[in-house]
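Scroll down for the structure; my scribbles are underneath it.
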Amino acid sequence: MSLSRADRSKTVVIDEGRVCFACGSSRSSELLGEICLHFPGGLESLDKPPVWAFPQVLVCLECGTAQFSLPEEQLKLIQGKENGAERPAS
C-alpha cells in the first residue's frame, strides 16, 4: 500500500526530548525496520550467515539519519560470529 504525502505526514512525531544527533532536528518518525546485516570480509566471511533484525527505526525527517538498537538476541549472534562461534540452534 502506498501512502500519499498527506498520509505520511501523520506519522511525524514531534518529541522535544528526542533530537537528531546529526542535524539537531526534533522532527522524526518511528518506523518498523527489516534489516539484514552481512559481515564484511569478502570470500572469507561467506561461512557467516547474515543476521536478520526487525527493530524500531527512528528516522530524522530533516536529514534522513536513522537510528536503531539491535535486540539482545541478534546482538548475541553478531558477538558470537565475530568470535568465530557457530550460529546457535533455533
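The values are calculated or read from the model by the stated rules, or taken from the named source; none is laboratory data. Predicted, not measured: the structure shown is a model, and the values here were computed from it. For neighbour counting, all protein chains shown are included, and Cβ atoms are generated from backbone atoms with ideal geometry for every residue, glycine included.
Do any strands (runs of 3 or more DSSP E) lying entirely in the range 20-63 carry at least 3 residues that are more than 20 Å from LEU75 (Cβ to Cβ), and which ones are they?
By residue number, 27-32.
With at pLDDT 90 or above and surrounded by 15 or more Cβ atoms within 10 Å (Cβ to Cβ) as the only criterion, which of GLU30, GLU62, GLU72 stands out?
Every option except GLU30 fails the conditions.
Using beta carbons and a limit of 6 Å, which pairs, at least six apart or on different chains, have the first residue in the range 35-50 and of a type in the set (Val, Ile, Thr) and the second one surrounded by 13 or more Cβ atoms within 10 Å (Cβ to Cβ)?
Listed pairs, sorted by first residue: ILE35/ALA53.
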